[in-house]
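K.L.:
Okay, here's the structure, questions in a sec.
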Amino acid sequence: MASQQLRERLVSIVGPDGLLDDPYDLLVYEYDASDEAIAGSHQPDFVVLPTTSEQVAEVVRIAREFNVVVTPRGAGTGLAGGAIASQGGIMVVLTRMTKILEVNYLDRYAVVEPGLINLDLSVKTSPDGYFFAPDPSSQKACTIGGNVANNSGGPHCLKYGVTSNHILGLEVVLPSGELIWVGGSAPETPGYDLTGVMVGSEGTIGIVTKAMVRLTRNPEDINVLMAPFPTIESASGAVSSIIAAGILPAALEMMDALTIEAVETAFNAGYPRDAGAVLLIEIDGLREAVAESTEEIVTICKQHDAKEVRVATSQAERDLFWQGRKAAFGAMGRLTKNYYLQDTVVPRTKLPQTLKRVDEISRDYDLKIANVFHAGDGNLHPLILFDRYKPGDLEKVLNAGTEMLHYCVDVGGAISGEHGIGLEKKDHLTMMYSTDDLAAMAGLKQSFDPTQYFNPDKVLPSGSGCGEIDSLKEHARWEKMGIHVV
Amino acid sequence: MSSDADTVIRTFSELVDELPQRETGEYLVDSIQPGHVVRPESVDQLAEVIRGVRADRLAAVPWGGGTQMGVGNPPARYDVGIDLSAINDVLRYDADDMTMSVQAGCRLADLNQMLGEHRQVLPVDAALPERATIGGLTAVGSSGPRRLGYGPLRDLIIGMSVMSTDGVVTKGGGQVVKNVTGFDMMRLHHGALGSLGIIVSMNLKIIPKPQSERTVIALFDSLDDADQAAREVLQSQLGVTALVVTNPEATREATDSARSNWAISVRCEAPPSAVVRQAERVQEYVASNAQDVTTEDSTDASQERWNRIGKALEQRPAQEDVSIRLGSTASKLRATAGSVAHTLAGAEDVRLTLDYGSGLLYTRFPARAVNESEFQVVFDQLSGAGDHITVSTAPANLKQSIQDVFGATPAGFSALESLKETFDPDRILSPGRTIGKL
Ligand SMILES: Cc1cc2nc3c(=O)[nH]c(=O)nc-3n(C[C@H](O)[C@H](O)[C@H](O)COP(=O)(O)OP(=O)(O)OC[C@H]3O[C@@H](n4cnc5c(N)ncnc54)[C@H](O)[C@@H]3O)c2cc1C
Ligand SMILES: Cc1cc2nc3c(=O)[nH]c(=O)nc-3n(C[C@H](O)[C@H](O)[C@H](O)COP(=O)(O)OP(=O)(O)OC[C@H]3O[C@@H](n4cnc5c(N)ncnc54)[C@H](O)[C@@H]3O)c2cc1C
């Protein structure tokens with residue numbers, strides 16, 4: 001039968017130990033780090049674990065030939081269901097491709113395989129004075145391929161920019177089965193910016209098999225500040241003032257009282273338990289500039305009623321301050337059985353009012369909500385605490401989450417700042433984009449993947465498939481004439 | 001947009017008499033004169049123009065400030081020029097959020113004047129900021145030397161509205177500095193030379209204006225010495241924001257220097273307390289083999305220096321000069337420059353600007369140095385010297401004598417072809433201009 005033939009062909013490429021199809025082995029691949037009750041779960045028919053780019057390309061060509069769908073996957077830490085094989089088929093897991101192939105400090109780049117764990121790159125280069133700037137809190141587990149696919153962010157993206165700004169070139173397998181390099185160490189390769197388009201496309205238009213990433217020189221000086229505030233409003237007021245004062249910290253992170261409680265219970269990071277919110281601020285750059293900005297920030301924090309501002313005096317203290325932040329999601333286990341992590345973003349001046357709204361939603365729905373987030377970017381992460389087995393909780397959580405999205409869009413924000421759209425939010429895209437906008441996005445997808453077999457069902461709303469572009473445009477025209485299509 | 005405009009599509013010939021028109025002789029592209037040049041005064045009017053052009057199966061070329069119209073293959077067809085300079089409103093400026101939304105026809109110098117009043121800046125360079133429009137900058141997608149410090153314009157674009165070939169505005173991204181909602185449509189249009197849609201407006205991230213700046217200039221007898229100095233500064237932790245090396249001919253133009261030297265120019269931007277030490281340290285790094293080291297030690301003088309360096313790169317009339325840009329990297333630039341100099345050994349007055357911070361080499365030489373039968377050979381040799389090549393200006397006859405001003409067709413070209421087919425199926429936007437003559 002076809003699936004036996006397919007199996008044999010795949011084994012001939014990746015070897016018997018590079019293929020999994022025992023339902024028991026497939027279990028871990030049926031979901032990612034998103035809540036399966038929200039984003040869903042589904043088993044792939046086969047998991048393949050290639051070790052070379054050519055193997056990935058071969059697998060894709062076989063998938064094409066057998067007309068089965070392909071879902072790329074890194075470490076599975078994604079929070080939007082992007083790596084779920086929603087239609088079964090072949091899952092291409094890149095975690096056996098972990099080599100650092102080249103490091104070039106003068107030209108400031110490294111070439112790595114997609115399964116390399118994010119932190120492993122900086123661990124390798126930092127003794128030489130360079131680092132890979134995108135630092136998602138999951139950086140001890142997530143892969144660089146996953147970072148590229150999701151255009152991931154992290155605390156230091158405030159100053160250094162998100163993943164997209166750090167990808168110089170990619171080797172990718174396209175849905176056509178071609179294995180090509182796009183971009184490269186020299187900037188501005190003529191032609192359309194396929195590197196830029198690939199980043200953030202969530203594995204729907206190509207599988208990354210190598211990434212040429214930018215390395216950033218370590219700054220001359222770094223200060224980490226921790227400032228407790230009486231309320232979340234006063235802390236968010238300080239954030240707005242810091243940005244408006246023209247200071248660009250390397251990172252500017254906020255944690256609210258509930259988060260502080262969880263973190264302190266779990267690790268003792270040194271955040272005052274009686275604070276309403278804590279700001280964690282990192283400033284880096286030239287020595288004098290760091291000193292000057294530190295002073296300014298201390299003043300601004302005090303103006304906004306910070307009880308104190310502690311400046312870490314040793315690497316150990318810096319690490320401790322950061323550990324609390326980076327492990328905050330994990331620490332939530334101390335407070336709740338389940339949590340739903342929402343990811344939204346608003347213009348930074350809208351933070352105070354947005355946090356107020358989140359608080360109201362918490363009260364309206366009678367759900368505890370913890371806030372730990374990238375304040376400098378306006379990128380919120382409300383964590384809605386709940387119990388999956390308590391009847392009615394899940395519906396409440398979903399409704400509360402959607403209400404937040406609506407609010408954020410209303411004040412000029414977006415429905416995902418860094419975790420991606422995946423399966424989870426694709427039907428919310430209409431909050432931000434018109435049918436015409438979505439038709440253009442569907443056109444991009446179609447240009448690469450006319451048969452829609454790469455990571456199906458992700459990013460674009462149901463019903464905006466390729467065959468439907470014309471009908472989308474048609475609908476858009478009707479809508480403009482006041483005719484609503486259901 | 002009225003529903004009438006959606007249902008009743010008028011052809012370009014039916015429309016044209018009602019549209020604001022311009023003198024066609026001023027809108028030549030590679031010596032081709034269009035039948036009409038229109039200057040729409042609103043987005044709705046632009047939509048009508050596009051629909052009309054499509055209905056008549058004409059070919060249109062968008063114009064911003066017209067400073068970089070030399071970039072691209074000669075158009076396969078060119079019936080209508082669309083001057084976008086009247087679509088130039090600042091739609092919003094949220095100083096405290098450090099974002100703004102501007103229409104494509106806004107000029108870079110005007111925007112920076114407005115931002116300067118709030119001590120903010122859009123840190124992109126253009127040879128002629130008084131003319132260059134933000135839409136044109138984006139469509140060309142080539143960043144200047146300050147890319148080293150602030151990244152390319154591409155990374156400052158957080159949202160975009162584009163007029164499709166259906167005459168419909170579609171948007172991507174948003175108004176926030178971090179956003180992964182949907183595909184990155186901004187990067188699709190950045191650098192696409194307007195061949196997939198006309199950029200109508202864009203949302204930009206802006207930054208606090210550096211409080212002060214200095215520029216260190218050192219003169220050297222050889223490229224080797226300048227290269228050594230450049231490498232040391234680049235690998236330091238001084239965080240300089242631009243670093244270029246110029247050959248003696250380019251140095252003379254940028255500095256009025258009577259002397260004939262290679263030069264390195266290093267831009268330092270920081271608070272006053274830091275910038276002095278920054279410049280001093282840079283001086284120490286570059287001093288060892290230098291003939292002379294000077295520092296522009298006021299912000300104004302430093303800015304003026306960079307205007308001059310930019311002007312030295314400015315495109316001259318295509319009849320007079322050939323400008324070519326090569327992709328390279330800091331570690332390869334010396335070798336790239338060596339090969340370029342070797343290839344152009346017969347020509348006089350060859351200017352070279354090596355943008356070490358970006359990894360780009362610009363060369364300009366008088367067009368009379370080559371003829372049509374030689375140009376393909378020169379071009380091939382130059383393209384072998386770098387990772388990629390672009391002819392930014394050349395007389396039309398020289399451009400026509402080579403296969404493609406962007407060099408070899410890239411791997412995965414079929415993906416580019418299908419993008420063009422999807423977004424511009426009737427080939428109405430700058431047909432033939434972009435890579436592979438798409
Ligand atoms: C505790 C925790 C903290 C987190 N913190 C952050 C944070 O601070 N910032 C942030 O942005 N995210 C964060 N995340 C989300 C997640 O870690 C990132 O999205 C990460 O980049 C995903 O990498 P991954 O290797 O796990 O990818 P996966 O989850 O395996 O896949 C993610 C997506 O990428 C695609 N994909 C994976 N590899 C490839 C490839 N080689 N080629 C093409 N497509 C591919 C998949 O199809 C899927 O759509 C966090 C997650 C957790 C669990
Ligand atoms: C020293 C130097 C530094 C430079 N630094 C930078 C830099 O930092 N950043 C940067 O981006 N560029 C930089 N450039 C490139 C250059 O200055 C700009 O690209 C140029 O000014 C374009 O503006 P324009 O309005 O004159 O465009 P035009 O010459 O009018 O148009 C250029 C191209 O864009 C198309 N076009 C124009 N407007 C639109 C539109 N609205 N929609 C679609 N297509 C359109 C045109 O058809 C044409 O192909 C630099 C150049 C030099 C020499």
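K.L.:
Could you pull out the residue among A:P272, A:P155 that is open to solvent by 20 Å² or more (accessible area, probe 1.4 Å) and either more than 7 Å from every other protein chain (Cβ to nearest Cβ) or away from ligand 1 (no atom under 13 Å from the Cβ) (or both)?
P.N.:
Working: A:P155 fails: open to solvent by 20 Å² or more (accessible area, probe 1.4 Å).
Just one listed residue meets the conditions, A:P272.
K.L.:
Would you be able to tell me the number of residues in region B:159-194 that are open to solvent by 10 Å² or more (accessible area, probe 1.4 Å) and touching a Lys or Arg at 6+ places or on another chain (Cβ under 6 Å)?
P.N.:
Number of matching residues: 4.
K.L.:
Same structure, new question: Restricting attention to region B:35-76, report how many residues are of a type outside the set (G, A, S) and near ligand 2 (Cβ under 9 Å from one of its atoms).
P.N.:
Qualifying residue count for the region: 7.
K.L.:
Just to verify a result, which residue in region A:40-83, among those that are open to solvent by less than 10 Å² (accessible area, probe 1.4 Å) and of a type outside the set (A, V, I, L, M), is nearest to ligand 1 (Cβ to nearest atom)?
P.N.:
Of everything passing the filter in region A:40-83, A:T71 is nearest to ligand 1 (Cβ to nearest atom).
K.L.:
Go through (1) under 30 Å from A:I38 (Cβ atoms); (2) under 24 Å from the mean Cα position of the chain (by Cα); (3) surrounded by fewer than 23 Cβ atoms within 10 Å (Cβ to Cβ) and name the single condition A:D319 misses.
P.N.:
Status for A:D319: all satisfied but (1).
K.L.:
State all residues of region A:436-458 that are more than 7 Å from every other protein chain (Cβ to nearest Cβ) and either surrounded by fewer than 23 Cβ atoms within 10 Å (Cβ to Cβ) or assigned to a loop (DSSP other than H, G, I, E, B) (or both); if no residue qualifies, say none.
P.N.:
Listed by number, the residues that qualify are A:D449, A:P450, A:T451, A:Q452, A:Y453, A:N455, A:P456, A:D457, A:K458.
K.L.:
Sort out for me the helices (runs of 4 or more DSSP H) sitting completely within region A:270-381 that have 3 or more residues that are of a type outside the set (S, T, Y) and modelled with pLDDT of 95 or more.
P.N.:
Here the list reads A:287-303, A:351-365.
K.L.:
Taking region A:198-243 on its own, how many of its residues are within 13 Å of chain B (Cβ to nearest Cβ) and assigned to a loop (DSSP other than H, G, I, E, B)?
P.N.:
12
K.L.:
Counting only residues that are in contact with a strand residue (DSSP E or B) (Cβ under 7 Å, 6 or more places away or on another chain) and among the hydrophobic types (A, V, I, L, M, F, W, C), which one in region B:115-156 is farthest from ligand 1 (Cβ to nearest atom)?
P.N.:
Looking at residues that are in contact with a strand residue (DSSP E or B) (Cβ under 7 Å, 6 or more places away or on another chain) and among the hydrophobic types (A, V, I, L, M, F, W, C), I get B:A132.
K.L.:
Let me ask something else. Could you pull out the residue among B:S222, B:S195, B:S201 that is of a type in the set (G, A, S), more than 13 Å from every other protein chain (Cβ to nearest Cβ) and within 30 Å of B:A60 (Cβ to Cβ)?
P.N.:
Values: B:S222 fails: within 30 Å of B:A60 (Cβ to Cβ); B:S195 fails: more than 13 Å from every other protein chain (Cβ to nearest Cβ).
Criteria check complete, one pass: B:S201.
K.L.:
Please go through region A:61-116 and give me each residue that is within 14 Å of another protein chain (Cβ to nearest Cβ) and under 20 Å from A:T209 (Cβ atoms), ordered by number.
P.N.:
Matches in region A:61-116: A:G78, A:G82, A:E102, A:V103, A:N104, A:Y109, A:A110, A:V111.
Rundown of residues vs (1) open to solvent by less than 10 Å² (accessible area, probe 1.4 Å); (2) within 16 Å of ligand 2 (Cβ to nearest atom); (3) not in a helix (DSSP H, G or I), yes/no style:
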{"position": "A:L119", "(1), (2), (3)": "no, no, no"}
{"position": "A:P134", "(1), (2), (3)": "yes, no, yes"}
{"position": "A:K140", "(1), (2), (3)": "no, no, yes"}
{"position": "A:G145", "(1), (2), (3)": "no, no, no"}
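K.L.:
What number of residues within region B:404-438 satisfy the criterion of being more than 13 Å from chain A (Cβ to nearest Cβ) and surrounded by fewer than 16 Cβ atoms within 10 Å (Cβ to Cβ)?
P.N.:
Number of matching residues: 1.
K.L.:
Take region B:13-28 and flag every residue that is under 23 Å from B:A55 (Cα atoms) and either acidic (D, E) or assigned to a loop (DSSP other than H, G, I, E, B) (or both). I'd like the intermediate steps shown before the answer.
P.N.:
Initially, region B:13-28 is screened for residues under 23 Å from B:A55 (Cα atoms), giving B:13-22, B:24, B:27.
Within region B:13-28, B:E14, B:D17, B:E18, B:L19, B:P20, B:R22, B:Y27 qualify.
K.L.:
Which helices (runs of 4 or more DSSP H) sit wholly inside region A:1-113 and have at least 1 residues that are modelled with pLDDT of 95 or more? Break it down into steps so the answer makes sense when it comes.
P.N.:
Numbers: elements: A:2-14, A:23-26, A:36-39, A:53-66.
The qualifying helices (runs of 4 or more DSSP H) are A:2-14, A:23-26, A:53-66.
K.L.:
Scanning for something more than 10 Å from every other protein chain (Cβ to nearest Cβ) and more than 17 Å from B:R147 (Cα to Cα), does region B:263-271 turn up at least one residue? Reasoning before the result, please.
P.N.:
In the first step, residues of region B:263-271 are kept if they are more than 10 Å from every other protein chain (Cβ to nearest Cβ); the result is B:263-267, B:269.
The next check asks that each one be more than 17 Å from B:R147 (Cα to Cα); those that pass are B:263.
Checking region B:263-271: at least one residue is more than 10 Å from every other protein chain (Cβ to nearest Cβ) and more than 17 Å from B:R147 (Cα to Cα).
K.L.:
Please go through region B:179-192 and give me each residue that is away from ligand 1 (no atom under 16 Å from the Cβ) and within 7 Å of chain A (Cβ to nearest Cβ), ordered by number. Talk me through it step by step, then tell me what you get.
P.N.:
Restricting attention to region B:179-192, the residues satisfying the condition of being away from ligand 1 (no atom under 16 Å from the Cβ) are B:185-192.
Residues satisfying the conditions are B:M185, B:R187, B:L188, B:H190, B:G191, B:A192.
K.L.:
Scan region A:347-376 for residues that are of a type outside the set (G, A, S), touching a strand residue (DSSP E or B) at 6+ places or on another chain (Cβ under 7 Å), within 14 Å of another protein chain (Cβ to nearest Cβ) and open to solvent by less than 10 Å² (accessible area, probe 1.4 Å) and jot them down.
P.N.:
Residues satisfying the conditions are A:T354, A:F373, A:H374.
K.L.:
Further, regarding this structure: Anything in region A:96-111 that is under 24 Å from A:G15 (Cβ atoms) and open to solvent by less than 60 Å² (accessible area, probe 1.4 Å)? List them, or say none.
P.N.:
Kept after step one, since they are under 24 Å from A:G15 (Cβ atoms), are these residues of region A:96-111: A:96-101.
Of everything in region A:96-111, those that are under 24 Å from A:G15 (Cβ atoms) and open to solvent by less than 60 Å² (accessible area, probe 1.4 Å) turn out to be A:M97, A:I100.
The values are calculated or read from the model by the stated rules, or taken from the named source; none is laboratory data. Since the structure is predicted, the reported quantities are computational estimates derived from the model, not experimental observations. Using ideal geometry, Cβ is built from the backbone for each residue, glycine included, and neighbour counts are taken over all protein chains shown. Heavy atoms of the whole protein, side chains included, go into the accessibility calculation; ligands, DNA and RNA do not. Shrake-Rupley method; radii C 1.70, N 1.55, O 1.52, S 1.80 Å.
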